[in-house]
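Structure record follows, encoded as structure tokens.
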Amino acid sequence: MTVDAKNLDVIVIGAGPSGSVAAALLNKAGYRVMILEKEFFPRFSIGESLLPQSMSYLEEAGMIPAVEKAKFQPKNGAAFTRGDAYESYDFREKFTEGWGTTFQVQRGTFDKVLADEAERQGVGIRYGETVIAYASESTGVTLTVSNANAESYQLDAKFVLDASGFGRVLPRLLKLEKASNLLSRTSLFTHIEDNITDSRYDRHKILITTHPKHHDIWYWLIPFSNGRASVGVVVPQEYLQAMEGGKEEALKQLISEGGMLADFLADSSFDTPINSISGYSCDVESLYGDQFALLGNAGEFLDPVFSSGVTIALKSASLAAAVVDRQLSGQTPDWEKEFSIPLKQGVNTFREFVEGWYDERFQDIIFSTLKNDQVERMICSVLAGYAWDVKNPYVKNPSRLTTLAALCRKE
């Protein structure tokens, strides 16, 4: 289906998960939608472990069949190790109703599946297109775009959604960026042939490992369905700078210090270049304006420890699509009450858990032998992505983590 670029209702910047889902939802509502994507798909992206809550937004966009057809690695929970300690959460045993399983995905494939499905549903997509300027008037928005041949042109629409992720197109163009209150860290990561045969390892769960001595250093291990896995470490920048050698040497050295993780990866083949991201946490002055809104990482990114990025992105897409629909249909929605505040409800829940991870409150809870089944289900719900369920006391008041940690420390 060809979308008339001269009569667009909405332009979406970025064809990642939030952009594809928002575009599909608006297309379903009858709007003419065009996605502009800087890269050509498939392309590498980090953030491969989904949370069950994200499945509800994929379901809303009619994308579950396409995702299931791709045969990604099923995921039913999260496991945590520190030294010889091992704890796990089964997302099917959570407090909140809803999806209890999801997938671990290679994002190059996953993002293309979603973009292709949005296009199949009727969304227009242009790849190799970079937005270089933004201008707005009462009648709409004009974007200046540079294509793969470095030729510039303009596109008009009534509304723009920025789903550009770490590209953060509109925050840069409109000077909306501000520093995150989370400390700056560096992540080293790659894909490997994992060759894991250890019976203690559960491929249906993401594995989060804490460094046995330096508890602010942690690792992820995300298995894929083809015998490969994503592995990475998050480390304070000053610690990494003090290490000798390059990125590969640093990653392997840190993994060798990872206790049970080192056992699991003893026979792994590191056959892909090491990537790195530094200072990835970010924030903005506002998530919306008169004729634009920011989705996912384009607005705020916390930390990868609980794999919340895609879930927050898809939640923002679902909320924004509904508010855009009301605005373009002639209503006067309240973007603060209908988009920003509801989105930040979950973001703030995740933020408390992230801060609790690094100040060790949450680590003390995870590795405590003091367990309560009901509390475990509540914690499990947040880890499964249900950070907007205010029936959960740890969502309604995330600071309860402090009290729970104090109890666990007294055991």
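Where in the stretch 44-138 are there strands (runs of 3 or more DSSP E), lying fully within it, with 2 or more residues that are β-branched (Val, Ile, Thr)?
Passing ranges, in order: 130-137.
Table: residues versus (1) in contact with a helix residue (DSSP H, G or I) (Cβ under 9 Å, 6 or more places away or on another chain); (2) in the same structural domain as His215 (by TED's automatic domain parsing); (3) within 30 Å of Ser286 (Cβ to Cβ); (4) surrounded by 15 or more Cβ atoms within 10 Å (Cβ to Cβ).
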{"residue": "Asp334", "(1), (2), (3), (4)": "yes, no, yes, no"}
{"residue": "Gln363", "(1), (2), (3), (4)": "yes, no, no, yes"}
{"residue": "Leu370", "(1), (2), (3), (4)": "yes, no, no, no"}
{"residue": "Gln374", "(1), (2), (3), (4)": "no, no, no, no"}
{"residue": "Tyr386", "(1), (2), (3), (4)": "yes, no, yes, yes"}
{"residue": "Val390", "(1), (2), (3), (4)": "yes, no, yes, no"}
{"residue": "Tyr394", "(1), (2), (3), (4)": "yes, no, yes, yes"}
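Taking the stretch 202-222 as the region of interest, how many residues are farther than 24 Å from Asp364 by Cβ and crowded, with 22+ Cβ neighbours inside 10 Å?
1
Looking at the stretch 156-165, is at least one residue in the same structural domain as Val310 (by TED's automatic domain parsing), in a strand (DSSP E or B) and surrounded by fewer than 19 Cβ atoms within 10 Å (Cβ to Cβ)?
yes
Considering only residues that are surrounded by fewer than 17 Cβ atoms within 10 Å (Cβ to Cβ) and modelled with pLDDT of 95 or more, which ones fall in the stretch 63-85?
Selection gives Ile64, Pro65, Glu68, Lys69, Ala70, Lys71, Pro74.
What number of residues within the stretch 336-346 satisfy the criterion of being surrounded by fewer than 20 Cβ atoms within 10 Å (Cβ to Cβ) and among the aliphatic types (A, V, I, L, M)?
1
What are the pairs with Cβ atoms under 6 angstrom where one residue, in the stretch 126-146, is among the basic types (Lys, Arg) and the other, located anywhere, is surrounded by 16 or more Cβ atoms within 10 Å (Cβ to Cβ)? Sequence gap at least six, or different chains.
Close Cβ pairs satisfying both conditions: Arg126/Leu36.
If Asp4 passes every condition in (1) closer than 14 Å to Ala298 by Cβ; (2) without any contact (Cβ under 8 Å) to a residue 60 or more places away in the chain but one, which one does it miss?
It fails just one condition, (1).
Which one of these is surrounded by 22 or more Cβ atoms within 10 Å (Cβ to Cβ) and modelled with pLDDT of 95 or more: Ser230, Ser225?
Ser230
Just checking, which of Leu25, Leu51 is closer than 25 Å to Leu261 by Cβ, buried (at least 24 other Cβ atoms within 10 Å of the Cβ) and in the same structural domain as Ile312 (by TED's automatic domain parsing)?
Leu51
How many residues does the stretch 396-411 contain that are assigned to a loop (DSSP other than H, G, I, E, B) and out of contact with any helix residue (DSSP H, G or I) (no Cβ under 8 Å at 6 or more places or on another chain)?
3
List every residue pair whose Cβ atoms sit under 6 Å apart, with the two residues 6 or more apart in sequence or on different chains, where the first one lies in the stretch 166-180 and is without any contact (Cβ under 8 Å) to a residue 60 or more places away in the chain and the second, anywhere, is not in a helix (DSSP H, G or I).
Leu173/Tyr134
Could you please find all residues in the stretch 176-197 being more than 21 Å from Ala313 (Cα to Cα) and not acidic (Asp, Glu)?
Correct list: Leu183, Ser184, Arg185, Thr186, Leu188, Phe189, Thr190, His191, Ile192, Asn195, Ile196, Thr197.
The values are calculated or read from the model by the stated rules, or taken from the named source; none is laboratory data. Since the model is a prediction, treat every value here as computed from it, not as a measurement. For neighbour counting, all protein chains shown are included, and Cβ atoms are generated from backbone atoms with ideal geometry for every residue, glycine included.
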